[in-house]
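The values are calculated or read from the model by the stated rules, or taken from the named source; none is laboratory data. The structure presented is a predicted model; accordingly, all values stated were derived computationally and were not measured. Cβ placement follows ideal geometry from the backbone for every residue including glycine, while neighbour counts extend to all protein chains displayed.
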Amino acid sequence: MKDNQMYYHSFRTMTDELIHAAQTAIRSSLKVSKGERVLIITNPAEDSLSISEALYDATCEAGGTPVLMVQPAKTQLDFAEPSVIAALHHADIIISMSYFKMGKDREAIKHPYEIDDRRIDSTFHYLLAKKSVRSFWSPGATRDMFIRTVPVDYLRMKEEVAFVKRAIDSAQTIHVTAPSGTDVTVGVAGRKARTDDGDFSAPGSGGNLPAGEAFVSPVVGTTEGIIVFDGSISTYSDDRIVKEPVRVKIERGFITRVEGGAEADLLLASIRQGEANAEAFEREGKISTGQGKAYRKNARNIGELGIGLNPKARITGNMLEDEKAYNTCHFAIGSNYDDDAPALIHLDCLVKEPTIVLTATDGTEQILLDRGELVR
């Protein structure tokens, strides 16, 4: 017993490295203080659960009050358990340490929240938008990944992420090319980049651990060109390294063609599943009448462009880590972060060694990445 807290101990091995990584997450990223209510949501998968147990103990050591909830594993198209959604309202801090995803919010999709002219189809994102909680989420994190990529130089990361954000915020368009054949332009006029620098200490802040990216939602309908995913891809059920590059054609912001080998077939099947489920959800009353068409259309939207900035991350076939790796950028297919392109999927896919050129409103250009190297 310590400070009237009882520690949760399992029979799994709690290594010094895992304990250190968990303490870094709780003390350095979240900065948990005495008495704060910390909700940890996980699944009965060995790595997810063991990391969650370490976070539980680290929360106790920091003086917080943790609750550990274990629900069945969820995919991008599954709903979270109602008890999990209900528990979100009673937390100061929310940690999602899921084997794949936390799960969708059945009631919020059917009856979205409205805040600042935004419609938000997730209680979790609504609470973040209200700044009533702070959070980090680590879908698919493994013990090795968590131990290796969470204890990093956060000062350096914060500086680099801030530099990329400032550059994107001043841009009108972004042109991305890569040796594998990517040649695409996205419009970002009026958009503000978001940051995942590992500092989740302020109300309403949140992001991944491992952290390390700056990302932006392209203006809907502005993306044009070809993207060739040659790193890894996400599907509705898993992540995987690409064996044969996946070539995607985008016109007026939406995917019109997907070509390649087995991974291309799987990515296209995931997009089609997102389209089909949008129509099914409306028929079944899971989303409001009239929303099915928009959700279906946005399953082909380019919803994100992100740049990886974690020096310890590498391409492993796990998108949580892959999208943070240096010398990469990623695009997401489906929903975006500005809540004007709702979809049932958000599929991150990786491009290696991109050259990224930003064009400002006055026509001046800035090279942000040169063959993957950050230009400062």
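So that you can scan it fast, the table gives a plain yes or no per residue for (1) in contact (Cβ under 8 Å) with a residue 60 or more places away in the chain; (2) in contact with a Leu (Cβ under 7 Å, 6 or more places away or on another chain); (3) more than 30 Å from Glu160 (Cα to Cα):
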| site | (1), (2), (3) |
| --- | --- |
| Leu266 | no, no, yes |
| Ala280 | no, no, yes |
| Leu305 | yes, no, no |
| Asp338 | yes, no, no |
| Thr355 | yes, yes, no |
| Leu369 | yes, no, no |
| Glu373 | no, no, no |
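Table: residues versus (1) touching an Asp or Glu at 6+ places or on another chain (Cβ under 8 Å); (2) part of a loop (DSSP other than H, G, I, E, B); (3) farther than 29 Å from Ala129 by Cα.
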residue: Gly274; (1), (2), (3): no, no, no
residue: Thr289; (1), (2), (3): yes, yes, no
residue: Gly292; (1), (2), (3): yes, no, no
residue: Lys297; (1), (2), (3): no, no, no
residue: Asp338; (1), (2), (3): no, yes, no
residue: Ala341; (1), (2), (3): no, yes, no
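Looking across the range 48-72, the residues that are more than 12 Å from Ile95 (Cα to Cα) and of a type in the set (Ser, Thr, Tyr) come down to Ser50, Thr65. Count of the range 78-130 residues, restricted to those that are more than 21 Å from Ile40 (Cβ to Cβ) and assigned to a strand (DSSP E or B), is 6. Screening Leu268 with (1) under 21 Å from the mean Cα position of the chain (by Cα); (2) hydrophobic (A, V, I, L, M, F, W, C); (3) in a loop (DSSP other than H, G, I, E, B) gives one miss only, at (3).
For the range 327-351, a tally of residues being crowded, with 23+ Cβ neighbours inside 10 Å and over 30 Å from Ser288 (Cβ atoms) returns 5. Just one of the numbered conditions (1) in a helix (DSSP H, G or I); (2) at pLDDT 95 or above; (3) under 26 Å from Ser270 (Cα atoms) is not true of Ile41; which one? Only one criterion is unmet by Ile41, namely (1). For the range 137-146, the count of residues that are under 22 Å from Val32 (Cα atoms), surrounded by fewer than 17 Cβ atoms within 10 Å (Cβ to Cβ) and not hydrophobic (A, V, I, L, M, F, W, C) is zero.
Quick one: which residue in Thr222, Thr195, Thr182 is surrounded by 24 or more Cβ atoms within 10 Å (Cβ to Cβ) and in contact (Cβ under 8 Å) with a residue 12 or more places away in the chain? Only one candidate passes the filter, namely Thr182.
So which of Ser270, Ser237 ends up being in the same structural domain as Asp183 (by TED's automatic domain parsing), buried (at least 19 other Cβ atoms within 10 Å of the Cβ) and among the hydroxyl-bearing types (Ser, Thr, Tyr)?
Numbers: Ser237 fails: buried (at least 19 other Cβ atoms within 10 Å of the Cβ).
Just one listed residue meets the conditions, Ser270.
If I filter the range 213-220 for residues that are closer than 30 Å to Thr361 by Cβ, of a type in the set (Phe, Trp, Tyr) and modelled with pLDDT of 95 or more, do I get at least one hit? So far as the range 213-220 goes, yes, one or more of its residues are closer than 30 Å to Thr361 by Cβ, of a type in the set (Phe, Trp, Tyr) and modelled with pLDDT of 95 or more. Only residues that are within 15 Å of Asn298 (Cβ to Cβ) and hydroxyl-bearing (Ser, Thr, Tyr) were counted in the range 211-235, giving 3.
Please determine whether any residue of the range 273-291 is β-branched (Val, Ile, Thr), modelled with pLDDT of 95 or more and surrounded by 14 or more Cβ atoms within 10 Å (Cβ to Cβ). The answer is no; no qualifying residue exists. Restricting attention to the range 298-326 and to residues that are touching a Pro at 6+ places or on another chain (Cβ under 7 Å) and buried (at least 22 other Cβ atoms within 10 Å of the Cβ), the residue that is farthest from Ile367 (Cα to Cα) turns out to be Asn298.
Can you tell me which residue among Ala202, Ala162, Ala189, Ala211 is surrounded by 23 or more Cβ atoms within 10 Å (Cβ to Cβ), among the aliphatic types (A, V, I, L, M) and not assigned by TED's automatic domain parsing to the domain that holds Ser52?
Details: Ala202 fails: surrounded by 23 or more Cβ atoms within 10 Å (Cβ to Cβ); Ala162 fails: surrounded by 23 or more Cβ atoms within 10 Å (Cβ to Cβ); Ala189 fails: surrounded by 23 or more Cβ atoms within 10 Å (Cβ to Cβ).
Just a single option satisfies the conditions, and that option is Ala211.
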